[in-house]
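The values are calculated or read from the model by the stated rules, or taken from the named source; none is laboratory data. Worth saying up front: this structure is predicted, and the values here are computed from it rather than measured. When we count neighbours, we look across all protein chains shown, and the Cβ atoms used for this are built from the backbone with ideal geometry, even at glycine.
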Number of protein chains: 2
Amino acid sequence: MASELIRTSRATAREGRENAIFEAARSVFAEYGFKGSTTAEIAKRAEIPKANLHYYFPTKEALYRAVTEDVLTAWLEAASSFDESADPAEAIAAYVSTKMDMARQDPIGSRIWASEILRGAPVIGDFLETALLDWLKSRETIVRRWIKAGKLVPMEPRYFFYMIWATTQHYADFEGQMMALNGGKPLSDAQFEAAKTQTIATLLRGVLPSGT
Amino acid sequence: MASELIRTSRATAREGRENAIFEAARSVFAEYGFKGSTTAEIAKRAEIPKANLHYYFPTKEALYRAVTEDVLTAWLEAASSFDESADPAEAIAAYVSTKMDMARQDPIGSRIWASEILRGAPVIGDFLETALLDWLKSRETIVRRWIKAGKLVPMEPRYFFYMIWATTQHYADFEGQMMALNGGKPLSDAQFEAAKTQTIATLLRGVLPSGT
DNA sequence: GATAAGTTTGACCAATCGGTCAATTCTTCT
DNA sequence: AGAAGAATTGACCGATTGGTCAAACTTATC
């Protein structure tokens, strides 16, 4: 039930100043997108002179690509959680749970993804058309098999995955909106657990046959 | 079933060049966010000299506020669709349907909203804490009444609204991702209708008592 | 402790940023 | 037709942008 996904460090190992720059870049890119971000602001958050940033990352785009690559790696890691069970209810619950935990632990990564899609995915476009599409297709096959076996209600698997992605992503990307609706405070651990449990329950009720 | 929401013109009446600037600004702000957008790019898309833009909108921020206000107006219009029926299934179906249609017809508006939230809602923050919170609270009361009456499964209404908002918003904000997964083409009308129908069905199954 | 390699930094540059302004053109009214 | 106001425009301004560079400073190696 609890997640093993503890991201104390990023996927790619970095240390010292390089890591400070990397983390600063993540937060700035998540907030302002690629175009809206400035190397000066990143350097400021990393507490280093701007010139020093360009020693580790030659251009703003190189830094953005490094950050983006890291986000994709995390996505692929989470994706595998879908496959670890043969039972649809378990697989879906595990996947949604993992995605929710990711949104909670690494909202910045999720926001970088969202921001990248908003501007037309110029950097991760290739990934979407290849790795992501492959993943989706193969999981659609699995879901269709479950439907034929009567373990899931008839449906188009793709739109179900969109619901899962949308909901889990929402808890990262719209954290600000949720805070405003929650007295200015972020969701507490208890609130988040309730949200996660309920989301899984609603999704499962939505696709499991009635008698289950 | 079909939506009455035809947004051939924006909420606020505008004409001629002012409208061209307004629409150009919408598309640029949606793509790059406030900071990442430039008045030069907006002027270019509006096919006017940059100086002319400042005749109608004194500053970039004034233009952004005008665009943002328009998005909020559209949101409030859609919100009312929840109230038009006494039956929970009908109310939810109508609301989701309206929101889906909005995402389809005005994805740019949805993206401006998302982009604004991503950077901490500096402009619409007040709206979130007042009008949106009021709306949410009063609808939570309605949903709780339905739950007590046994018309809906026990749940925290808020997280259910988050699911609805997330899913409907996803079809606007992540259109680029969906295109990449759909052979580079946007969802056809038929595909979109299928997605909408299935989304409503899954959500309703998820919250309606089993015997229904 | 000298030398070389790796790291840090302030000063600087051309390009772009949001915005101004005076001059010009177009509309409207009489 | 001609005056008055509204709309349009190129030229321009100071500030900020991403990025460079040579000089200074640290660190590891002998």
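Given the residues B:T202, B:T130, B:T168, which is the only one that is out of contact with any helix residue (DSSP H, G or I) (no Cβ under 8 Å at 6 or more places or on another chain) and outside the structural domain of B:G33 (by TED's automatic domain parsing)?
Numbers: B:T202 fails: out of contact with any helix residue (DSSP H, G or I) (no Cβ under 8 Å at 6 or more places or on another chain); B:T168 fails: out of contact with any helix residue (DSSP H, G or I) (no Cβ under 8 Å at 6 or more places or on another chain).
Checking each option against the conditions leaves just B:T130.
Which of the helices (runs of 4 or more DSSP H) contained wholly in the range A:105-212 include at least 3 residues that are within 21 Å of B:Y162 (Cβ to Cβ) and either at the interface with chain B (Cβ under 7 Å from one of its Cβ atoms) or touching a residue at least 12 places away in the same chain (Cβ under 8 Å) (or both)?
A:107-118, A:157-173, A:175-180, A:189-207
Which ranges mark the helices (runs of 4 or more DSSP H) fully within the range B:13-68 that have 1 or more residues being closer than 17 Å to A:R119 by Cα and away from DNA strand D (no atom under 15 Å from the Cβ)?
Filter on the range B:13-68 gives B:16-36.
Take the conditions modelled with pLDDT under 95 and more than 14 Å from every other protein chain (Cβ to nearest Cβ) and apply them to A:L5. Does it pass?
Values: modelled with pLDDT under 95: yes; more than 14 Å from every other protein chain (Cβ to nearest Cβ): yes.
Taking the combined requirement at face value, the residue satisfies it.
Out of A:S97, A:S81, which single residue is at pLDDT below 95, surrounded by fewer than 22 Cβ atoms within 10 Å (Cβ to Cβ) and hydroxyl-bearing (S, T, Y)? Quick ask: steps written out before the conclusion?
Numbers: A:S97 fails: at pLDDT below 95.
Within the list A:S97, A:S81, the selection yields A:S81.
Considering (1) surrounded by fewer than 19 Cβ atoms within 10 Å (Cβ to Cβ); (2) within 19 Å of the chain's Cα centre (by Cα); (3) within 16 Å of DNA strand C (Cβ to nearest atom); (4) not polar (S, T, N, Q), say which one B:K50 fails and leave the rest.
Among (1) surrounded by fewer than 19 Cβ atoms within 10 Å (Cβ to Cβ); (2) within 19 Å of the chain's Cα centre (by Cα); (3) within 16 Å of DNA strand C (Cβ to nearest atom); (4) not polar (S, T, N, Q), the lone unmet condition for B:K50 is (2).
Going by the conditions given, is B:A25 under 22 Å from A:E31 (Cα atoms) and either more than 11 Å from DNA strand C (Cβ to nearest atom) or not assigned by TED's automatic domain parsing to the domain that holds B:R111 (or both)?
yes
Taking A:V96 and the conditions (1) within 19 Å of A:A30 (Cβ to Cβ); (2) in contact with a Ser or Thr (Cβ under 8 Å, 6 or more places away or on another chain), which numbered condition does it fall short on, given that it satisfies the others?
The failed condition is (1).
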